[in-house]
Structure formats: structure tokens, C-alpha cells
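Down below is the structure, laid out as C-alpha cells.
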Amino acid sequence: MAENLQEKADEILDKAQLASAEFHQYNQEQTDRIVEAVFKAGFNNRVKLAKMAREETGMGVWEHKVIKNVLATQLVYESIKNEKTVGVISYDARTGITEIAQPLGAILAVIPVTNPTSTTMFKILICLKSRNPIIISAHRGAAKSCQETVRICYEAALEAGAPEDCIQMISSGSREFTQLIMAHPKVALILATGGTGLVKAAYSSGNPAIGVGPGNVPVFIDESADIPFAVKNIITSKTFDNGTICASEQAIVVMHTIEQKVIEEFKKQDCYFLTPEEIKKVEKIAIVEESMSMSPAVVGQPVSVIAEKAGITVPEGTKILMAKLDGIGKSYPLSVEVLAPILAFYAAGDYHNAVNMCVDLNYLGGIGHSACIYANDEKRIMEYAELLNAGRILVNTPTSQGAVGYFYNHLPPSFTLGCGTGGKNITTENITAKNLINIQRVCRRKPNDLWFSHDHAKYLDESLNFEEIIHDYYKNH
Amino acid sequence: MVTFNYNPDDKVLTATFSGRLDTLAVQRVSEVIQVKLPVKDGISEDKIVFDLQDVDFISSSFIRICVSVAKQAGPGQFSIAHCQPFIKKTFKISGLDDILNVT
């Protein structure tokens, strides 16, 4: 069995390596023609693939998945189409440095169940743009819709002249096989989007990886904020695809001074505050007690389904279940990330306590991901931004749509959001095609006069200290 | 696209390719190659050399043909000669330059 799996892995990677060898010979024009063809094919199938993903996973809202597919195709294409990713990409006359883009090689792309077709199309486009063959490893719960996405994109790519096997998919859903592929010496990079375990496996594989793990996005509504505007935006974001985006809001933090106003506004806009008894019931079905992680049973489900599972009755048309909590951590299960329309709610005595709560939430499983502030006080916005450990600090913006870029800001549109070293990632950027190239620098001789006019023998003289040497170093001779 | 030259003294069959060896071109030449190969019972008494001096692009299907011919010819009987640096690099990236004896 193990040998069969190894042979299967070798076969996939051998094909990818051949595709890589052919792909590196393509020029920018040939590459762009392929990317355009794949974007069009994916875009033209946005509705079909969204419906397939919804039906197969049972998560989210198909209309919202259409928007995700649009982001992954039209908007990603817009953002990368004019990027130079082949050959000389820049020259700086002052430094004399020329930058040359080279492809990485075979990229293993791990796809989450929450955004399957959109993440697949996004990763395919950025890999093709950077001339890297891609191997899709889909979550077993979304294998069919990912397979169809791969088929559509691959056929379009081949039609446009792409190398054979430039897009492949791992059909086996076993964890053992995925790990075997991850550790395969012919994999150039793992582009992992998923849960903590998966991202850790990617980083432990021995191959380079860009892994993006969970968030636990705190939202601070400051006294200076426009409260109805803030609440409206939070609802827009948290209900988008029933909260499946890892950048969606997880907890609202306010000061006592505006607590009642904010609660009333949430109620006015069809959100329901759970009683302490109801919170206990929702905790039981939303959080797996042993691991303190969200239960797949509620991920991407609407309020009506969650309420039914929990055995509680909520007003018809309720958009979000609000849980007013007294603390953060293990004793308060709903303080962790839940990708469903459930929000924790906190009130603090003063500004500093409120920000401290946001920091605690940020460090409870979401380090490096995203955070949000609603405020019209620039000083507080900047103070908050410096205190939170988040790759994206979104200001007066719905976090689901804000963090993925394009809609509300000028971040590159992406379904792979870097979380920095806090999230065990190498970058805090929104990953895009430029992250998938090796940049070679041609460094022309531009001697530094200061260095060559300095008497280097002085470094060997132990009696000379820092001031004497540095003074001499910067002296005009 | 491909011409053959046999040197009976050295017992070397040289296939000289030219131009762009994309998938379509490879489909056209693959049958010719098979017919011309001096392989019997999986062993070639002659050495086979693919000369790529005038080749400026090779597809993955061409590399597959090289692997197939190298296997048919047997150990030490196949080589690829006169690659332009860009093509040499392509074989390097494929990871097959040693097996194919690329020079």
C-alpha cells in the first residue's frame, strides 16, 4: 500500500516536473495568453461551480460563492494581468541591479472545504501566471467541485497552449498520501490554506511552504465610530457565505459608554443576543470541547440551522447570534474562531481594557491574521494597529470582504492571506503571483567609494575604537 | 524537423532536430523516429545521438520520447548532444539530464 502510494506520488511529481521544464521556456506573451484563457473559462463557470460547491459541502450561500468565484477570476486576473513575471522584470539605473523572474517549479496547493472552487481557481491563476505547474489537493468534502474546476481550467489552459500536466489534482483524499506529496523532493513549494494541523504539516514537510492558518478576528468599535454604519458593515461581512471566510469577524469589543447603543443597533438590524442558557446550548454544538475548536457541524450554516441544532428558538430572520461573554479563553468556548454567523460580544470599562481584550482575542488562535477597528479618530486607529498582531488591520471595513482585497481597499485580491511569523508564516502579504517567483538579481559593479577610500588596516588595530574608525570611514579624503 | 545520418564506422545513428519541438511537431516526428531506430529486442547495437543544435524549444512530450528511446537503446547507448544552454537548462529542470546523458 505504502509503495503504491509512493509510486503514485512519484508519477504525479514526474509529470509536474516535465511540465515545469516546458513551462520555463514560455515568454510573457504565451504565459499571459494561458492566464487569460483560464480566467475566462473559470469566470464563465462561476455560477455552476458555486452551486456545485454549495451542494457538495452543504456550507455557505451559493450566491455569495459566485462572488468569491468572481474575485478569484475577474478581480485576480485584473490585478495580475499586467504584472511582469517572465524574464527581466525591473532595472534600477542607480544601483545597476536588474531583476529576473524565474519560476519555482511544482507547487502543491491545498484547498479548504470552506472556499473550494474559488481558492482552486485563484491558485491556478497565480501559478500559471508565474509559470509553475500546480497540483491541487482538495479537501475530501469538496473533491467533486474541485475536480470540475480543475477540468475546466486545465482544458482552457491546454487550448491556449499550456504544457501538458500543468494542472493536476490528487484524487486520493488520505492524509498519508497528502503528507507523502508534501514531503516529496520534487515539490518546490506548498501553498497551504486550511486548519492549524494542515498548515503545521506543510511547514514540517521539509519543503518550502506558504501556509495560512486560522484567524480570530477582533473588532473594536470605538466611541468615535458611526455605530449604525459599523453594525451594518459587520453584518454584511459576518453573514457573507455564512461566515466561511477566515477573515470574518469573531468578536465585537466596545466600551461601556456605547455598549447599549451598539446592542440596540445590532438588535435593530436583526441580530439576536443569546441568553446565558442559550449560550451554553450553542457552545455545545459549535465548539468541540476537547480541542477547543469549531465544530464542522456549524461551519457555513445559517442561523436557522444552528438554532435548530442547539435546540433554541430565535426570531425569524435573525442574521447573527450574539453571545455576550465575560471572558476570553478555555472557559468561554465562543471566544474562539467559529466560521458561522455567531459573534462574541464584550464590553470594557475603558479604552485600554477594550484594546487589551482585542489583543487577548487576537492571541487566542488568530495571531497574525486580521483585526478590525471602527473609529474616526486617527490616533486611536494607529495605536490599535500597532498593538494588534495582524497582517491586515481593517479600518471601518467589513473584514471578510476587506481582508481578501480589491472590494474595499487596494490589497491584492487573494484567498491566501499571509499571517507573518505569529501565524508561522514567512509573510504578512496577501499572496499573489509575485510571491511565486524566484527573483534573480544581476548586480553590476558599482564600487562604494567610502569602502575603497578607507584604510582597511585600521580594522586590524585593536587600540582603535568605534568612534575613531567610523570618523575616519566617513571622512572626505 | 528531423534528419538521420548513420556513420557505419563508429556505428552511430545521429538524429538531427531543428526548430520548435512543440507537442504537434513531436507527434509528427515520433513515428519517423520509431521507424529509424536500430533497436531490436530492446537492445541497440548502434549508439543513438539526438543532436539539438538548431532546436529552440522542447515540449514535455519530446522529453518523454527521449526517455523512451534511451530505455529502448539500453545503458550507455543514448545521448543528447549540442544543446543550446536554454535547452540544456530545460533538461536540468526536468531532472532527467543524467539519464538522458545530455551534453
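The values are calculated or read from the model by the stated rules, or taken from the named source; none is laboratory data. Quick caveat: nothing in here was measured; it's all calculated off a predicted structure. Glycine gets a Cβ as well: all are built from the backbone with ideal geometry, and neighbour counts include every protein chain shown.
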Enumeration of residues in the stretch B:4-26 that are surrounded by fewer than 12 Cβ atoms within 10 Å (Cβ to Cβ) and of a type in the set (S, T, N, Q): B:5
When you look at residue A:215, is it crowded, with 22+ Cβ neighbours inside 10 Å, touching a His at 6+ places or on another chain (Cβ under 7 Å), among the small types (Gly, Ala, Ser) and away from every other protein chain (no Cβ under 14 Å), yes or no? yes
Requiring at least 2 residues that are among the small types (Gly, Ala, Ser) and under 30 Å from residue A:447 (Cβ atoms), the helices (runs of 4 or more DSSP H) wholly within the stretch A:1-96 are none
Look through A:49, A:18 and report the one residue that is touching a Ser or Thr at 6+ places or on another chain (Cβ under 7 Å) and closer than 14 Å to residue A:165 by Cα. A:18
I'm checking my understanding of the structure. Among residues of the stretch A:161-184 that are part of a loop (DSSP other than H, G, I, E, B) and within 13 Å of chain B (Cβ to nearest Cβ), which one is farthest from residue A:73 (Cα to Cα)? A:184
Consider residue A:406 against the criteria (1) in a strand (DSSP E or B); (2) not assigned by TED's automatic domain parsing to the domain that holds residue A:286: it satisfies all of them except one. Which criterion is unmet? (1)
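Residue-wise test of (1) β-branched (Val, Ile, Thr); (2) free of Cβ contacts under 8 Å to residues at least 24 places away in the same chain.
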residue: A:214; (1), (2): no, no
residue: A:248; (1), (2): no, no
residue: A:254; (1), (2): yes, no
residue: A:260; (1), (2): no, yes
residue: A:266; (1), (2): no, no
Taking the stretch A:188-212 and the residues there that are within 21 Å of the chain's Cα centre (by Cα) and part of a loop (DSSP other than H, G, I, E, B), the one that is surrounded by the fewest Cβ atoms within 10 Å (Cβ to Cβ) would be A:208
Looking at the stretch A:332-361, which of its residues are of a type outside the set (A, V, I, L, M), assigned to a helix (DSSP H, G or I) and over 25 Å from residue A:278 (Cα atoms)? A:351, A:352, A:353, A:356
Against the condition away from every other protein chain (no Cβ under 14 Å), within 28 Å of residue A:444 (Cβ to Cβ), not acidic (Asp, Glu) and not in a helix (DSSP H, G or I), how does residue A:110 come out, does it pass? no
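Residues checked against (1) surrounded by fewer than 24 Cβ atoms within 10 Å (Cβ to Cβ); (2) charged (D, E, K, R); (3) touching an Asp or Glu at 6+ places or on another chain (Cβ under 7 Å):
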residue: A:94; (1), (2), (3): yes, yes, no
residue: A:97; (1), (2), (3): yes, no, no
residue: A:107; (1), (2), (3): no, no, no
residue: A:111; (1), (2), (3): no, no, no
residue: A:115; (1), (2), (3): no, no, no
residue: A:119; (1), (2), (3): no, no, no
residue: A:130; (1), (2), (3): no, no, no
Somewhere in the stretch A:450-472, is a residue outside the structural domain of residue A:107 (by TED's automatic domain parsing), over 15 Å from residue A:209 (Cα atoms), in contact with a strand residue (DSSP E or B) (Cβ under 6 Å, 6 or more places away or on another chain) and hydrophobic (A, V, I, L, M, F, W, C)? no
For residue A:477, which of the numbered conditions (1) modelled with pLDDT under 95; (2) in contact with a His (Cβ under 7 Å, 6 or more places away or on another chain) fails to hold? (2)
Residues of the stretch A:442-477 being more than 30 Å from residue A:93 (Cα to Cα) and acidic (Asp, Glu), which ones? A:461, A:462, A:467, A:468
Please find, within the stretch A:151-171, the residue that is nearest to residue A:10 (Cα to Cα) out of those that are of a type in the set (Gly, Ala, Ser) and at pLDDT 95 or above. A:162
When you go through (1) within 17 Å of the chain's Cα centre (by Cα); (2) closer than 23 Å to residue A:211 by Cβ one by one for residue A:67, which number turns out not to apply? (2)
State all residues of the stretch A:8-34 that are within 14 Å of residue A:437 (Cβ to Cβ) and more than 11 Å from chain B (Cβ to nearest Cβ); if no residue qualifies, say none. A:28, A:31
Out of all the residues in the stretch B:48-68, which are hydrophobic (A, V, I, L, M, F, W, C) and away from every other protein chain (no Cβ under 12 Å)? B:48, B:49, B:50, B:52
Only one of (1) out of contact with any strand residue (DSSP E or B) (no Cβ under 8 Å at 6 or more places or on another chain); (2) hydrophobic (A, V, I, L, M, F, W, C); (3) over 21 Å from residue A:14 (Cα atoms); (4) within 14 Å of another protein chain (Cβ to nearest Cβ) fails for residue B:26. Which number is that? (3)
Give the residue that is farthest from residue A:10 (Cα to Cα), with candidates limited to residues of the stretch B:38-85 that are modelled with pLDDT under 95, among the hydrophobic types (A, V, I, L, M, F, W, C) and over 9 Å from the mean Cα position of the chain (by Cα). B:39
